[in-house]
1. Ranked from highest to lowest mean number of other Cβ atoms within 10 Å per residue, what is the order of the peptides 555-566, 204-215?
2. Run lengths n ≥ 4 of DSSP H only: what is the helix-derived mean residue ellipticity at 222 nm for the chain, with -39500 (n - 2.57) per run over all residues, to the nearest 500?
3. Counting alpha carbon pairs within less than 8 Å and at least 6 residues apart, what relative contact order, in whole percent, applies to segment 179-270?
4. Quick one: angle between helix 199-224 and the longest Cα principal axis of the chain, in degrees between 0 and 90, rounded to 10, please.
5. If I compute mean projected area of the Cα convex hull in nm² from the structure I just sent, which labelled value in (1) 43.9; (2) 37.8; (3) 30.3 lines up?
6. Obtain the nm distance between the two label points defined at R230 and Q41 by a simple spin-label model: each point lies 7 Å from its Cα along the Cα-to-C-beta direction.
7. Tally Lys/Arg at +1 and Asp/Glu at -1 over every other residue whose Cβ is under 9 Å from the Cβ of A73; what's the total?
8. Cross-link partners among aspartates and glutamates for K343, C-alpha distance below 15 Å, same-chain residues fewer than 8 apart left out?
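The values are calculated or read from the model by the stated rules, or taken from the named source; none is laboratory data. What you are looking at is a predicted structure, and each value in this text was computed from that prediction instead of being measured. Glycine also receives a Cβ, built like all others from the backbone with ideal geometry; neighbour counts cover every protein chain displayed. We work out accessible area using only protein heavy atoms, side chains counted, and drop any ligands, DNA or RNA first. Shrake-Rupley method; radii C 1.70, N 1.55, O 1.52, S 1.80 Å.
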Amino acid sequence: MSAKLAPWEILGVEQHELPLLLPASYRDLSLVVDDFSQLNQFIGKMVVVQGHCVHQGWASGPKPRYCVQLFDANGNSLSLSLFGTAEQVAEIPHQAHAAFSGEVTGDYVGRCYLNRTNLEPVALIGRVVPVYPALKGRVTREGVFSLMASQIGPCTPPSLQWLRAKVADIPSGPMRAAIGCRTWNFEQLIRAVHWPTSVRQGEACIKILERLAAYVLAYRLKATEQLPPRQVPPLPNGGFEGIPSRVPFPLTGEQILVSSQILAACQQTTPSQSLLLGDVGTGKSYCISLMAAAVVRGGGRVAVMLPSRILVNQMHALFMSLMPELGPAVLDDEREGEVENDKTRLWVGTTGLLFQSWQQPWDLLVVDEQQKFSVEQRERMSAHHIVESTATPICRTMALARWGSSIKIFRLTQAPVERQIDTQVFTAEHRRQMMERVMRTIAGGGQVMVVCPRKEEAPAKGKKSPKSTEEPEQASVERVVKSFESIQARMSASLGFTPQIVYATGGREAEENEAALEAMKSREAHILIATSIVETGISLYGLNHVIVYHADRLGAVQLHQLRGRLVRAGGHGYFDLYLPTPASPTTLKRMAILTSCTQGYDVAMADLRLRGCGDLGKGTTQAGAGTSLLPRRPINVDDVENFIAQLDS
């Protein structure tokens, strides 16, 4: 039999963290009206009314409501309507004292009513009540409130001890001035943030604690810069003269310049870390080739790590076309132990590189598509100098590059072709318009890719009404293929030809997926339906329309990577984010990032602001609250940048 969980374990935090789980908002129950004849003075305000409650029963209508009559001490009555389940109605006192909250509204004859009426515990009347986020699938909002209310007191002493230890080495005066709290101590802040005397006071305390978390992070980042780094040899550099002329098209001056700048940044006797940023088509792979050639020509050793075998083969083929004399080798993923021929100076591989017994550290490690690797994977390889390449860096890397001095950013902004991509969000009611766009694309000679979150249907959890038009929780490749095949005849009648449909998933044989992709490349197929395996490394030059089903299941970085598959040869493309189920506010913010930002750098920065920076120390979390003082609360990016600027000055 499993041991009973402690209250803080139910909430998924340590004991000292529980008082630092801050409210999401507050409900003001401080305005109590005991005389119902005075309600017309509070039109438009949230109030609490209390009195003798008498049940009236259910009332019919478009939405069933339960009616009660409330009487004050003077005999004035107030009719109230509540929307809820039978279980919730059963909790309303009958022929007894009860309290309700709601917004006062009036009709044309002067009668007053309450909108958004809720039954309130009598113990909370007259107070400002914190509202805590629910733990999805685990604890309701009310359950979290109950646990917090009972445990804040006993958990506060260990929380105060932990907080004081966290800031013991930080000068108190500048810290207090920066966060805007010159007099209150931690105990007063914690008490007021959970049980404030006003909503304004509670929100002010939340802001102070958020600034405190940001200031501590900024201080730690600056302190880390003062630690003495280990000594390593400068990166060997034999130059890459002659390599650009082997490229079948002229490289941009930016590609050559950035490659030279990164090589120069590695000419130091301490470890260096560079971040190469560039959207699809800006030539990151050619920059990697130039840098690898220069290091190997100078007598150094280079490892290039990529997330998939397809990308490994593409990179190796590029190396062989540009510098075959340097003997680039592909590492077999199944090989373990010590590589027999460790004299090879240029290796390309997937994470299989991590499991070899290399005899000495690498002079240069290149991690391409770095957003696909964990912190542990990227740090496991022993290397003197590291270059990470991506269009959209993960939040943690973006934060370290912007706020720390250890990672230097190098950007590629020029592309040989001009691309214009129209990004739109479609909901279930706009599905018809989305499909009309698909028809126009195919009629115009274009190709369409549909990305699904699953490869096959999940087992049904219950019986579904045959009249229901509701989408399943996650559309699968299997289901979408059947859906497109069911309308194939109608599409043929409209287009004058039969559009060919192919699909690719991680569950199929590699040869089957390659055949599907080859059909798209040769223009034999018009529609590709796939999972997110097509996120990176797929070049379909005729593809100019991508639809992402259940786009809320993917992060902003993944979505931008999928957008990068479009119009690789230039031109106009369409990127449709399909949300068949109601979207949360956070999802809508993430979709807004895609519709407003076109560059990977801007997407990554907006994603950082939305999700948080993760663990910037030795932790492994790459987004979210990370090691923040405030659990499950991302640190405000603007606050961190402001405090770093203050500390620098």
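1. Details: 555-566: 23.5, 204-215: 21.5.
Descending mean neighbour count gives 555-566, 204-215.
2. When only DSSP H runs of four or more count, the value is -10500 deg cm²/dmol.
3. 28
4. It is inclined by approximately 20 degrees.
5. (2)
6. That separation, rounded to one decimal, is 7.4 nm.
7. Details: positive: none; negative: D34, D35, D72.
Result for the neighbourhood of A73: -3.
8. Reachable aspartates and glutamates: E325, D363.
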